[in-house]
Structure formats: structure tokens, C-alpha cells
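What follows is a set of notes on a single structure, which appears directly below.
The values are calculated or read from the model by the stated rules, or taken from the named source; none is laboratory data. Note that the structure is a prediction, hence the values are computed from the model and not measured. All Cβ positions, even for glycine, are placed from backbone atoms using ideal geometry, and neighbour counts span all protein chains on display. Heavy atoms of the whole protein, side chains included, go into the accessibility calculation; ligands, DNA and RNA do not. Shrake-Rupley method; radii C 1.70, N 1.55, O 1.52, S 1.80 Å.
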Amino acid sequence: MNYLKSVIPIIEANYKNFTSVEKNIANFFRNNEEIMDFSAKSISNRLFVSEAALSRFAKKCGYRGYREFIYQYEQNLTERNLKIVGNAGSVLNIYQELLNKTYSLIDQKQIMRICEYMADASRVFVCGKGSSGLAAMEAESRFMRIGVDIDSITDSDIMRFQTVFQNSKSMVIGISVSGMTESILYSLQQAHEKKSKTVLITAHKNGRISSYCDEIVLIPSLKYLNYGNVISPQFPILIFLDIIYSYYVSMDKRRMQVLHTSTVRALNRIQEESI
């Protein structure tokens, strides 16, 4: 299966930072399905905005200018053609779109940096609430089996309490799809002050949090998908955690396999003794 890099998830991740004019531009590119004249002059006339506004919009999306933005957009513009119909088809098509968007947002160099932080950390804390908390618990369950000293924290009071024990050898991963969960941001801020490595997994980019996050990982938002409410909000988070897990294991595959086998054997032994 082929995945294509797309500018759409980048637009969606930055949407909250746009002005009203820029949101108008964003809405056009998100919803458009037609191949047309995408020159700055043509689009500015079509949307009743200035060419300078198009340039500012492109730069907010991380591109050097409108020309670079529109080149990437045209490269991946395809008409939506849902091959599977019915309720099952709707769900499967959304999953496919999420996978495509995840592929577009993934930064392999960033993933390697995060894996190196994790390998160097004496202890890792994964913080999340609600569905993000469930994803944090899943991360603990998986990574502890390959030798990572990791704890998931899903209670706001414990998150605050735990900051007392963080230091330069700690790593804190916060999961907040909105990027606005107060207790998660507090944990990251306090960890940063104590020289811990800090990572935020979110669907919404916010320049203010970059001051205390070593890495901001962008995941697709369900908000912009048709029938996105039928998909578990954990899904985009779990995709990213699976990617991190895969990269981390590949760093020392033989040792990780031995550790995983040993932990599974220990769990099986406990279950046998309880019967």
C-alpha cells in the first residue's frame, strides 16, 4: 500500500493559530477536490485575499513561501474516491485517511531523537487523561516488557506530585490531543525546569509550548474527518506509539527480543501458578 505526503494534516495542526483570513484559505485547500490554476494570482482572486496573505499562510504551515506550499499540494491532490461503501466502508476509509495523515506528519529524525532520549533516561513518565490516559497505560505495558523503566500517570494530582522527583535523567511524555490539558502542560513545564527531556504528543500545534518541550509530535485530529466521532480517539496516538516502539526495538533488536521473551515467560508463569 502506498502512502502520500500531504499538506492537509499540516494545515489542520496549525488551524488554531491562523487569522480569520488564513482560516478562509485553509478551508479552501482542505475542502478542494479539483485540479485548477493554483497560481497565487488566481487563488487570491478566487478567495478575495492578497497574494501576501497566501504567502503568510504558507509560512505558518512551515513552508518557505506559497510556491513551495502549492508545489507539495499539487503533487498530492487526488479526487476522493471511496472504494468501500456502507457503514463498514466509512470506518475503514477513515482509518486509511488517518494512516495517510500520520505518514505525512511523521518526522523520522524526530522519532530517532525521542528513542535516544528514552534510551538515555533512567526513568520515563507518560502522562495522559481520559482516552489519552488509556494510551499512556498501553505505552507502559509495552515498553516495560523491553526493559524501559516507565510509569503511566493518569491522575492530575499524581502528575503534580510526581514532578517533585523528576531530574535531568528523567523523561516526561505528555499526551494531549487538544494541546491544552492543564495538568499535562504543568508536568511538562516542571520537568523542563528540572532539565528532564520533554515530549508532547498533540494534534494542535501551539508555539507557546515549544519553550518547554524538547519535541512536539503532531498526530492527526479526528475533528476534521467525516464520521470522525465513530473512531476511538486513542487510534492516532497508538499509531505513533507503535512507530516509536518499532524504532526503539530496532536500536538493539537482539537485546530487546531477549527482554521481551523473558517478560512474557514471567507473566505466563504467574498465570500458571494462579490456576
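With +1 on the Cβ of every Lys and Arg and -1 on the Cβ of every Asp and Glu, and nothing else charged, how large is the dipole of the stretch 157-198 about its Cα centre, in debye rounded to the nearest 20?
In debye, rounded to 20, the stretch 157-198 gives about 240.
Say the cut-off is 30 Å between C-alpha atoms; which of K5/K41; K59/K197; K16/K41; K195/K223; K109/K195; K101/K194 go over it?
Those over the limit are K195/K223; K101/K194.
Probe of 1.4 angstrom, ligands and nucleic acids ignored: what's the accessible area per residue over the stretch 178-250, in square angstrom?
Dividing the accessible area of the stretch 178-250 by its residue count gives 44 Å².
Could you calculate the contour length gain from Q110 to K5, that is, 0.36 nm times the residue separation minus the distance between their Cα atoms, to one decimal place in nm?
Full extension of this stretch gives 36.1 nm more.
Would you please give the residues with an amide H less than 5 Å from that of C127, counting only those at least 5 places away or on a separate chain, with H modeled from the backbone geometry?
Amide H to amide H, under 5 Å and 5 or more residues apart or across chains, C127 pairs with I153, I173, G174, I175.
Quick one: net charge of P9's neighbours, Cβ under 12 Å, K/R +1, D/E -1?
Local net charge: +3.
Give me the one-decimal nm value for the distance between modelled label points at E33 and R160, 7 Å along each residue's Cα-to-Cβ direction.
Rounded to a tenth, the inter-label distance reads 4.9 nm.
For S20, what charge total do you get from the other residues with a beta carbon under 15 Å from its beta carbon, if Lys and Arg give +1 and Asp and Glu give -1?
Local net charge: +3.
How large is the dipole of the stretch 135-231 about the Cα centre if only Lys and Arg carry +1 and Asp and Glu carry -1, each at its Cβ, rounded to the nearest 20 debye?
Computed charge dipole of the stretch 135-231: roughly 280 debye.
Ignoring ligands, DNA and RNA, what percent of the accessible area of the stretch 80-187 is carbon or sulfur (1.4 Å)?
Heavy-atom surface of the stretch 80-187 belonging to carbon and sulfur, 1.4 Å probe: 53 percent.
Amide H neighbours of I150 under 5 Å, counting only residues 5+ apart in sequence or on other chains, H built in-plane at 1.01 Å?
V124
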